[in-house]
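The values are calculated or read from the model by the stated rules, or taken from the named source; none is laboratory data. Worth saying up front: this structure is predicted, and the values here are computed from it rather than measured. Cβ placement follows ideal geometry from the backbone for every residue including glycine, while neighbour counts extend to all protein chains displayed. Please note that ligands, DNA and RNA were not included when accessible areas were found on the heavy atoms of the full protein model with its side chains. Shrake-Rupley method; radii C 1.70, N 1.55, O 1.52, S 1.80 Å.
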Amino acid sequence: LTLEELMKSHNIGKERICLLDPKSPIELSPNDGDGIFDWFLFGGILGDDPPRDRTGELRTMGFPTRHLGPVQMTTDTALGVTKMVVKDDVPLNSIPYIDRPTIQFSSNESVEMPFRYICKDGQPVLPDGMKRHLYEDLNRGFDD
């Protein structure tokens with residue numbers, strides 16, 4: 001289904017869908033979860049570093065927009081942050097973040113992640129299995 005078909009099948013108008021857009025002038029707030037929006041559309045949250053504005057295609061469709069702050073997040077982080085703001089009523093600036101964390105595997109092996117993450121106990125919150133996946137990627141070549 002296309003986005004328009006999905007909206008039609010659920011009888012949802014554009015005004016009830018929030019496009020999370022890094023270029024929006026309006027910050028996502030707990031009030032946005034109080035019946036203002038039914039759906040949140042994640043466009044271009046994670047892409048290239050630096051970002052290439054992949055959200056621009058969705059922006060032309062005329063959805064109301066909000067942003068999640070000035071630093072690009074991974075998709076799972078953007079989902080978690082949105083839930084914390086609109087469901088748990090936590091203001092965006094009250095969420096603890098860590099930017100561009102270095103994931104250490106040993107004294108000689110690490111990888112820097114070029115995104116913003118939710119921070120818990122001084123560490124980035126990563127999806128299950130992500131640290132292992134990153135470690136395994138260290139041993140892969142371009143042809144793997």
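Quick notes on this structure:
- Each stretch of four or more DSSP H residues adds -39500 (n - 2.57); spread over every residue of the chain, this sum gives -6000 deg cm²/dmol at 222 nm.
- Qualifying lysines (Cα of each under 26 Å from Cα of Lys8; at least 8 residues distant if same chain): Lys83, Lys87
- Shape of the range 49-133, Cα gyration tensor, a/c cut at 1.5: oblate
- The chain, accessible area per residue, ligands and nucleic acids excluded (1.4 Å, Å²): 63 Å²
- Extended-chain gain in nm, criterion 0.36 nm per residue less alpha-carbon gap, His133 and Glu4: 42.9 nm
- Between helix 75-86 and the chain: long-axis angle, C-alpha atoms, 0 to 90°, nearest 10: 50 degrees
- Loop-resident GluC sites (Glu not before Pro) (DSSP state other than H, G, I, E or B) in the range 84-144 with no more than 14 further Cβ atoms inside 10 Å of their Cβ: Glu109.
- Values of log10 I(q)/I(0), in the order q = 0.09, 0.10, 0.12, 0.14 Å⁻¹, for the chain under a Debye, Cα-only, solvent-free model: -0.34, -0.41, -0.58, -0.75
- Taking the accessible area of the chain, probe 1.4 Å, and keeping the other protein chains in place, the carbon and sulfur fraction comes to 51%.
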